[in-house]
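Structure first, then comments.
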Amino acid sequence: MVKTTLSISSKNYSSWSLRGWLIARLAGIDFRELQVEPGDADARKELLLLSPSILVPCLTHEGIKVWDTLAIGEYLNEQFPKAGLLPADRKARAHCRAICGEMHSGFSSLRGALPMNLKARFPGHKIWSRAQEDIDRITTIWRDCLKTYGGPFLFGKISMADAMYAPVVTRFATYDVKLDNACSQYAKRIMALPEMVEWITAAQREPEEIEELDAEF
């Protein structure tokens, strides 16, 4: 019997659900998904960036409840250190925590202008300047990590950092964001992960739509 559960929301719209789910999958744990319907008032607020709901993602493991994606990542790294969610090297581990924290607390313009929507595609989408500044910072982080640690992922082997930035990769695809070769190849590697293919396939099957997030551009 699986005693570990992970509460998530819409697979099409919820970037934080994807982060928590992907971190749990990378940790190698067996867990059951508990999906909160997007129509739930608290979940809807969270998806619309109006409230940082503690409903999703929320991990329950051996009777311990952990919410907030960074907290989930740190907890699973403690419980399953061999999974390599954080790099073994102290310097790289500090760097990983820093860019995960930056993703967790920053890039508000990107979040507002380019909401996650896996079903949609907006070719030639015009990106406003503040969102472009966030994009420039993110791609700088990617290039720096790929150069420093040699790829193919941000810290060489796949880590929590890749899970934290995975929803950004999907946003870049949805809104036709142009990337240089290094970032484009990295984005392709993320999208090709079996876990990402599984998540996106499930998102495509979701019947629910949230009109506020299906904006016409």
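Descriptive notes on the structure:
- Sites listed here are chymotrypsin sites (Phe, Trp or Tyr not before Pro) in region 129-215 whose DSSP assignment is loop and whose Cβ has at most 10 other Cβ atoms within 10 Å, and the list is empty.
- Surrounding net charge for F155, when Lys and Arg each add one and Asp and Glu each subtract one, Cβ distance under 15 Å: +4
- Legend: distances between Cα atoms for K65/K157; K119/K188; K157/K178; K3/K65; pairs beyond 21 Å are K65/K157; K157/K178.
- In the list (i) 0.97; (ii) 0.94; (iii) 1.04, the label attached to Rg/Rh (Cα atoms, Kirkwood Rh) as derived from the coordinates here is (ii).
- CD proxy at 222 nm, helix term only [per DSSP H run n ≥ 4: -39500 (n - 2.57); per residue of the chain; nearest 500]: -16000 deg cm²/dmol
Quick note: the coordinates plus some simple rules give every number you see, no bench work behind them. Since the structure is predicted, the reported quantities are computational estimates derived from the model, not experimental observations. All Cβ positions, glycine included, derive from the backbone under ideal geometry; neighbour counts span all protein chains shown.
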